[in-house]
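Novice: Mind looking over this structure? Questions follow.
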Amino acid sequence: MKKILIILLSLLIIPDFIFSQEDWVELFNGKNFDGWEIKQGNANFEILPNGEIIAKSILNSPSTYLGTKEKFENFILEFEVYADVGLNSGVQFRSLLSDKGSVYGYQCEIDTDESRSWTGGIYDQSRRGLFLYPLTRNTKANNAFKNGTWNKIRVEAIGQSIRTWVNGIHCSSLLDDSTSKGFIALQIHSIQKSENVGKMIKWRNIKILKSNLEAHKYKLESNVVEINNIDNYMSDYQKSKGWRFLWDGKTSIGWRGAKLDSFPNKGWKIDKGGVLKVLSSGGLESKAGGDIITERKFSNFELELDFKITKGANSGIKYFVDTNLNKGEGSAIGLEYQILDDKNHPDAKKGVFGNRTVASLYDLIPAENLQEPRGKRSVQPDTWHRARILVVGGKVEHWLDNIKMLEYDRFSQTFKSLVNYSKYKDWPGFGQLSSGHILLQDHGDEVSFKNIKIREF
């Protein structure tokens, strides 16, 4: 009798969701496209006799989307996908149509290119035009997707948190607040090569969960880096990793002029929304407010910030800055992460092998894009981009929009040789300091900064 009572009591405290048979809903019925519609493009989507959806690539068509008529806010989406090698695809979610009828919003990437392997990454389709979460930040997930077979993908979109899994492997963890609600859409990407004509992508077992989300969501794995795109917000994950704001978004506390005892009284502006802006002075270096530096010095650190350039703008982020090196005209001296409009500023064509382009170690090492088989990435005026600088001992990395652009050892003979043949050769101990200030440059052009964060090792 006692055992029976225990069993009965245990049943009473089991959550309702365990018994629910209605939590998961088939998003596609396997018979027709009721509830779905073509959003863009000219490719055809068909239903196979076994209930699978198939689409084939065609030339001279933009990407084509088969989207839901219903818009979804918070959900967990699961589906299986098969894609021919050579195709790029994705599944849109929380997406919308522009006034011109083009699809924009979040996309869970489907990538058959094994030289990159970013399936499960998160792309911002036709909006920022950037990977919000490339698998450069979680390389352990690069091999999750398998060509030549079916793959199971899971997308969790709950509040500002977006996470993905491919074949049970946790791929991405993103915090972003650009769109809270929108349709879901299957994409067959546009193609430029005739050899890819007629290649296919198939989907099956598409289902969605809209209730009991907290109970069903997967646990964030400790090895998966969380990328935070929410302005002026520090997540619990970031706090646990030792991150803090280097600029509070409201005042000049912790910063001063590089050649001043206080923060400049001109040339810099703190805008609403936590934006720090260096104002234009017609391209005159350090002639208005001048450079600003952190009051503290730093040794081993990871620095992240968002920056936005105006057309033709030039600026930079310097580190291991020694304010005693140059007390005269011009900028303070330190290693520099170049910020530049490569397309419209003449400095991009100067230097050696592009070592003055954006994300380069200015005048020393060119940014190259070390993590995907394409050319060097650039930045667009009036668009926010993310800079990341990682320093551990002598090892230094420059990242742009979560893609590693270069790496070097500042204590190596190679680096010292580069310095000896550069304009820095006359500055004693350049790049060799054990600690130094971090600097935001006034190069006379309007450039904005926000979400300036750091953690020390």
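Novice: What are the lysines whose alpha-carbon lies under 17 Å from the alpha-carbon of K311, with same-chain residues fewer than 8 places away excluded?
Specialist: K277, K343, K349
Novice: Now, a different point. Modelled label-to-label distance, T414 and S194, 7 Å Cα→beta-carbon offset: nm?
Specialist: The two pseudo-label positions are separated by 4.3 nm.
Novice: Output the relative contact order of region 236-456, whole-number percent, from Cα pairs under 8 angstrom with separation of 6+ residues. Intermediate values should be presented prior to the final figure.
Specialist: Details: 554 pairs, mean separation 70.5, N = 221.
Relative contact order here is 32 percent.
Novice: Using packing as a proxy for protection, rank 86-94, 374-382 so that the peptide with the highest average count of other Cβ atoms within 10 Å comes first.
Specialist: Details: 86-94: 22.6, 374-382: 14.4.
Most protected by this proxy first, the peptides run 86-94, 374-382.
Novice: If you average the sequence gap of Cα pairs under 8 Å that are 6 or more apart and divide by the length of the chain, what percent do you get for the contact order? Don't skip to the end; give the middle numbers.
Specialist: Details: 1129 pairs, mean separation 71.4, N = 457.
Reported as a whole number, the value is 16 percent.
Novice: Something else: I need L175, L220, L439 ordered by Cβ neighbour count within 10 Å, fewest first. Walk me through the numbers on the way to the answer.
Specialist: On the way: L175 19, L220 13, L439 25.
In order of increasing Cβ crowding within 10 Å: L220, L175, L439.
Novice: Cross-link list K272/K327; K181/K239; K269/K423; K272/K453; K239/K376; K404/K453: which exceed 21 angstrom alpha carbon to alpha carbon?
Specialist: On the way: K272/K327 33 Å; K181/K239 28 Å; K269/K423 31 Å; K272/K453 18 Å; K239/K376 32 Å; K404/K453 18 Å.
Over 21 Å apart, Cα to Cα: K272/K327; K181/K239; K269/K423; K239/K376.
Novice: Going highest first, how would you order 100-110, 148-158 by mean Cβ packing within 10 Å?
Specialist: Working: 100-110: 21.2, 148-158: 17.5.
So the order, starting with the most tightly packed, is 100-110, 148-158.
Novice: Sticking with this one: If you rank Y337, Y133 by fewest surrounding Cβ atoms within 10 Å, what's the result?
Specialist: Working: Y337 28, Y133 31.
In increasing order of surrounding Cβ atoms, one gets Y337, Y133.
Each reported figure results from applying straightforward, stated rules to the coordinates on display, with no laboratory input. Quick caveat, the model's predicted, so the values are computed rather than measured. Heads up, the Cβs are rebuilt from the backbone with ideal geometry, glycines too, and the neighbour counts pull from every protein chain shown.
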